[in-house]
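The values are calculated or read from the model by the stated rules, or taken from the named source; none is laboratory data. All figures in this text were calculated on a predicted structure; none of them were measured in a lab. Neighbour counts are summed over all protein chains in view; Cβ atoms, including those assigned to glycine, are modelled from backbone coordinates with ideal geometry.
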Amino acid sequence: MESSRWTMPEFKLLVLVLFVLISLSDIRSVAQLLPAEEVEAMKLIASKLQYSNWNVASDSCSRGFGLNNTVTFDEEEQLVDFGSNVTCNCTATVCHISRIQLRGLNLAGVLPEEFANLTNLTEIDLSRNYINGTIPTRFSQLRVSILNLIGNRISGSIPEEIGDISTLEELVLENNLLEGPLPQSLGRLPRLRRFLASANNFTGTIPESYGNLTNLEEFRIDGSSLSGRIPDFIGNWTNLMRLDLQGTSMEGPIPSSISLLTKLKELRITDLAGTSSSSFPNLQAMTQMTRLILRNCLLNGSIPEDIGEPSDLKLIDLSFNNLSGPIPKSFLTLRFNFLFLNNNSLSGEIPAWVFSSKQKIDLSYNNFNQSQQKNCYSSSLNLVSALSPSATSNEYDWCLKDQLTCSSKPNRKIK
């Protein structure tokens, strides 16, 4: 039996291969480190955010940053938070910080300008903390696609320099203490898809430059002191899927150009100021609508039949207008959860399907005629003062309610 032996050339080749593999492994483990300037920037950020649990070192991309990566669900088992995380982008020679997500960590420091030192960042998410201070002008050096500061205590105005972040796609600033006018410079952000700035105290008007934001998919600025008319240029936002202008000081009427927003799924406009009333806007092409809120918008005339055509429409609130005529027959086929038509001048007979519906319906304070319906089957139907003063009698005494019973989770139900 012939014994196997390594020849000298074969042995040398094996040693060479092993040496190369070991060397590459050593190079990889040593080279994939954060640059010193990024380590220093991260330490300053942690210090200013008063986050003592953050363990930052040159090897943090492989070892971890000491964050508690938890997943949070709300009471309906809906995912609301993926937890906090710091993401690195590594090559064979070096690592860079690419995403920082520090959600709901009770951070109470000031907003650090040192984020601008992390030149490879694509996302900053500091949502739902207690961070104060102003938005640094140095943020103009960022090249992020997402800047999310929702639910903090950021004050001051949005600096014009934010318009220099040409990569920005999502700017989320809701629920802060921001004030002053909206910056004209945001109109220079061709990639901007989401601008969420509700629950602040902005003043002035929506700048004309925002007509250039043709990639907008979501524009939300509820609960501010914005004034002036809703601009005609919103018709340029043909990719828009959600428009929120609730509780501002803006004036009516709703511009006719809104009919061009055929991709809208949620339209929420309320409490328009002024004296100029208008007929119901043309929403016929918005076949994907799921939530329609036009409350106290100075609307008169009849409710169009085509409002009942979107098959997924779950919420309709047309209350506190001066709408007249009957309830559209098309509403019979809707699978809505909420229908608010109260405080109008609607007339005609209340449809029979209203009395058998199990959904929340409010028809109070209108001018309906007497109905042939003799019973009221729904505990969620409000008919207080729903009949015209000329009605001979009231067949609905036992089902009248001063107030609809509110859901224990109203925000999740109708938001």
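Only residues that are part of a loop (DSSP other than H, G, I, E, B) and under 20 Å from Phe336 (Cβ atoms) were counted across the range 267-284, and they come to 4. Of all residues in the range 338-345, none are out of contact with any Lys or Arg (no Cβ under 9 Å at 6 or more places or on another chain), assigned to a loop (DSSP other than H, G, I, E, B) and surrounded by fewer than 17 Cβ atoms within 10 Å (Cβ to Cβ).
Filtering the range 46-80 to residues that are under 20 Å from Leu121 (Cβ atoms) and modelled with pLDDT under 50 leaves only Asn69.
Candidates are the residues of the range 304-335 that are assigned to a loop (DSSP other than H, G, I, E, B) and touching a Leu at 6+ places or on another chain (Cβ under 6 Å); the one that is nearest to Thr287 (Cα to Cα) is Leu313.
Considered as a group, the residues in the range 219-266 that are of a type in the set (Lys, Arg) and part of a loop (DSSP other than H, G, I, E, B) include one that is surrounded by the most Cβ atoms within 10 Å (Cβ to Cβ), and that residue is Lys265. For Pro304, the conditions (1) more than 18 Å from Trp353 (Cβ to Cβ); (2) surrounded by 21 or more Cβ atoms within 10 Å (Cβ to Cβ) are fulfilled apart from (2). Of the residues in the range 271-289, not one is of a type in the set (Val, Ile, Thr) and at pLDDT 95 or above.
Among the residues of the range 326-337 satisfying the criterion of being among the aliphatic types (A, V, I, L, M) and either at positive phi or at pLDDT below 95 (or both), which is surrounded by the most Cβ atoms within 10 Å (Cβ to Cβ)?
The residue in question is Leu334.
Only a single item in (1) touching a residue at least 40 places away in the same chain (Cβ under 8 Å); (2) within 20 Å of the chain's Cα centre (by Cα) is not met by Ile254, and it is number (2).
Within the range 311-324, is there a residue that is under 30 Å from Ser278 (Cα atoms), of a type in the set (Phe, Trp, Tyr) and modelled with pLDDT of 95 or more? Yes, the range 311-324 contains a residue that is under 30 Å from Ser278 (Cα atoms), of a type in the set (Phe, Trp, Tyr) and modelled with pLDDT of 95 or more. For the range 184-192, indicate whether the set of residues that are modelled with pLDDT of 95 or more, within 15 Å of the chain's Cα centre (by Cα) and within 20 Å of Leu149 (Cβ to Cβ) is non-empty. Checked the range 184-192: at least one residue is modelled with pLDDT of 95 or more, within 15 Å of the chain's Cα centre (by Cα) and within 20 Å of Leu149 (Cβ to Cβ).
This table checks each residue for (1) in contact with an Asp or Glu (Cβ under 6 Å, 6 or more places away or on another chain); (2) buried (at least 21 other Cβ atoms within 10 Å of the Cβ).
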site: Asn175; (1), (2): no, no
site: Phe195; (1), (2): no, yes
site: Ala199; (1), (2): yes, no
site: Gly204; (1), (2): no, no
site: Tyr210; (1), (2): no, yes
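Taking the criterion of being in contact with a helix residue (DSSP H, G or I) (Cβ under 8 Å, 6 or more places away or on another chain) and hydrophobic (A, V, I, L, M, F, W, C), the residues of the range 89-110 that qualify are Cys90, Ala92, Val94, Cys95, Ile97, Ile100, Val110.
Among residues of the range 211-222 that are under 10 Å from Leu240 (Cβ atoms) and without any contact (Cβ under 8 Å) to a residue 40 or more places away in the chain, those with a beta-carbon under 9 Å from a residue that is polar (S, T, N, Q) and part of a helix (DSSP H, G or I) at least six positions away or on a different chain give the pairs Leu213/Asn236; Thr214/Asn236; Leu216/Asn236.
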